[in-house]
1. Can you compute the modelled spin-label distance between Ser100 and Thr53, with each label point 7 Å from Cα toward Cβ, in nm?
2. With respect to the cross-link table entries Lys68/Lys107; Lys32/Lys107; Lys77/Lys107; Lys32/Lys123; Lys86/Lys107, which display a Cα-Cα separation exceeding 19 Å?
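Coordinate-derived values only; no laboratory data. Everything numeric here is computed off the predicted structure, so don't read it as measured data. Cβ coordinates were reconstructed from backbone atoms using ideal geometry, including for glycine residues, and neighbour counts include every protein chain displayed.
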Amino acid sequence: MADIKPADPSSPVASTPQAPGPNDVKLEAQIKSADMAEDMQQEVIEIEHQVLTCTTAQAAMQKYTIEKYFIRVSKAKIHMQFDDRKGPTWHCIVGRNFGSFVTHETKHFLYFYLGHCAILLFKTQ
C-alpha cells in the first residue's frame, strides 16, 4: 500500500472553497452620479454597508424575494442619519429598476449601487 501524505496547506488543491459568512460580505460601491463632497459620499456608503451586512437585513433578503423589509430598513436608516447629522429635508430612494429626475441642493446628491441595490440620496430646500 502507498503511504498517504497530508496535502500541503499552501497548495490550491488542499484548500476547499467555503461559502462566505455574514461578516465576509465585501460589497464595493459603484458611484453612478455624484454632486457631493468625498467625505459625505463615504459617510453614505458606510451607513448603507452597515445595513447590508447586518444579520437582520441578510435574513430578510433570504426570506423575502421582493426585499421590501430590507429596502424599508435601508431607506429609513440613511434618511434618519442624514437628517440628524446634516439637517432636515434629505430624501432617500432605495431599490432596483427605477428612474429619477430630481431637483436638489448643490453638493447634496449621490446615486450609487452597492451590490445589486441602487441608492439615491439628495437634499432639497
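1. Taking the two extended label points, one gets 2.4 nm.
2. Distance filter (> 19 Å) returns Lys68/Lys107; Lys77/Lys107.
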